[in-house]
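Colleague: Please find one structure pasted underneath; my questions will follow.
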């Protein structure tokens, strides 16, 4: 346990590190601030080295999950699978911008569900941008906004749909059947509400016609193997989830196996694919695990556990809704990954009803649709946008998020709170 005199320093350093992750001063990568914050805690003697390693080790399942998902996403991108899907959507729209919007939303939902929300933000965004331009849409932005919003709205359909799901539940991850019973209705409402409101807000740009002669690129042998690998990986992960097994190792093995299969089929080196994966994301997550470990030892976890249990005891009928809403808006101040880590530690140590935990998970996943700082996926989406020579300002996103996020949050919270089981 960290002494009370040192707790303030732990909180200040942790807050500065998280603020750096969110705001990226001087354009520096997010991982630098998380790692520097963790290193500062150790160097100043605020966190013993043994606890630093314990914090890092506690994220092993998450690192393996992220590594496997990033490999699968990069293979699919490199082999043109996302370009193929986006072009197929543009051709299938038959000149209708509204139909194209719906098809892109469907593809974004599927990518989020089976490859996680980060994949939607990072690898689907460039493909959608290219196809929107080729289709000569009035504006590419409605279709690109799909990639940002559906990445969070659909991120609790399955346990694998968002890395934050792993950190909230940790070793207490519900088996697949239990997960579906608890979150299926909430997911449907979240996805549906987000679609309807987002489409309504973009209606002025979804007019006219788009080109119908979009060339659908031929899917290479490697692309077909990548698609098969993703399908098999999804089945393996669903199986692992069904028996309550950890998802890290199955995901990492699925990604590695798919990479090797594609490379053997094409007789090429895997080095190029491995180099393109954003491995610094693992450094970011490891740094955050260390910071959260320091916060736990500083007494913050014990304080929050006590407050949560007291709130549940004093207002049991309001606890789930209020906690879920508080967490949802809080993600936009702290980012959902560090808040998810803290929330996971708190609910793991608290005696609270499962509906409160479910409401927290919903808030962690949907809340980031309010602002550009809410989740890593949205931050990555902005980066992908800049690479395409496009931008979408923070204030503009906030104005849109204020319309899109609250209805989806309210409906999803109502679903997890009032369902009879």
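Values quoted throughout were computed directly from the atomic coordinates according to the rules given, and no laboratory measurement underlies them. Everything numeric in this text was worked out from a predicted model, so none of it was measured. With ideal geometry, Cβ positions are generated from the backbone for all residues, glycine too; neighbour counts draw on all protein chains shown.
Colleague: Outside any helix (DSSP H, G or I) and in contact with a helix residue (DSSP H, G or I) (Cβ under 7 Å, 6 or more places away or on another chain), is that true of residue 372? Working first, answer last.
Modeller: Values: outside any helix (DSSP H, G or I): yes; in contact with a helix residue (DSSP H, G or I) (Cβ under 7 Å, 6 or more places away or on another chain): yes.
So residue 372 passes the test.
Colleague: Six or more apart or on different chains, Cβ atoms under 7 Å: show the pairs whose first residue is in segment 156-182 and at positive phi and in contact (Cβ under 8 Å) with a residue 12 or more places away in the chain and whose second is surrounded by fewer than 17 Cβ atoms within 10 Å (Cβ to Cβ) and in a helix (DSSP H, G or I).
Modeller: 170/348
Colleague: Kindly indicate which of 158, 206 is more than 20 Å from residue 391 (Cβ to Cβ) and buried (at least 23 other Cβ atoms within 10 Å of the Cβ).
Modeller: Working: 206 fails: buried (at least 23 other Cβ atoms within 10 Å of the Cβ).
Result of the check over 158, 206: 158.
Colleague: On to the next question. Among the residues of segment 397-415, is any over 20 Å from the mean Cα position of the chain (by Cα) and assigned to a loop (DSSP other than H, G, I, E, B)?
Modeller: no
Colleague: With a cut-off of at least 1 residues that are under 30 Å from residue 264 (Cβ atoms) and within 23 Å of the chain's Cα centre (by Cα), name the helices (runs of 4 or more DSSP H) lying wholly within segment 34-152. Spell out how you get there, then give the answer.
Modeller: Working: elements: 49-57, 60-78, 81-92, 97-115, 125-134.
Passing ranges, in order: 60-78, 81-92, 97-115, 125-134.
Colleague: Any residue at all in segment 353-360 that is in contact with a helix residue (DSSP H, G or I) (Cβ under 7 Å, 6 or more places away or on another chain) and within 20 Å of residue 292 (Cα to Cα)?
Modeller: Within segment 353-360 (the criterion being in contact with a helix residue (DSSP H, G or I) (Cβ under 7 Å, 6 or more places away or on another chain) and within 20 Å of residue 292 (Cα to Cα)), the answer is yes, since at least one residue qualifies.
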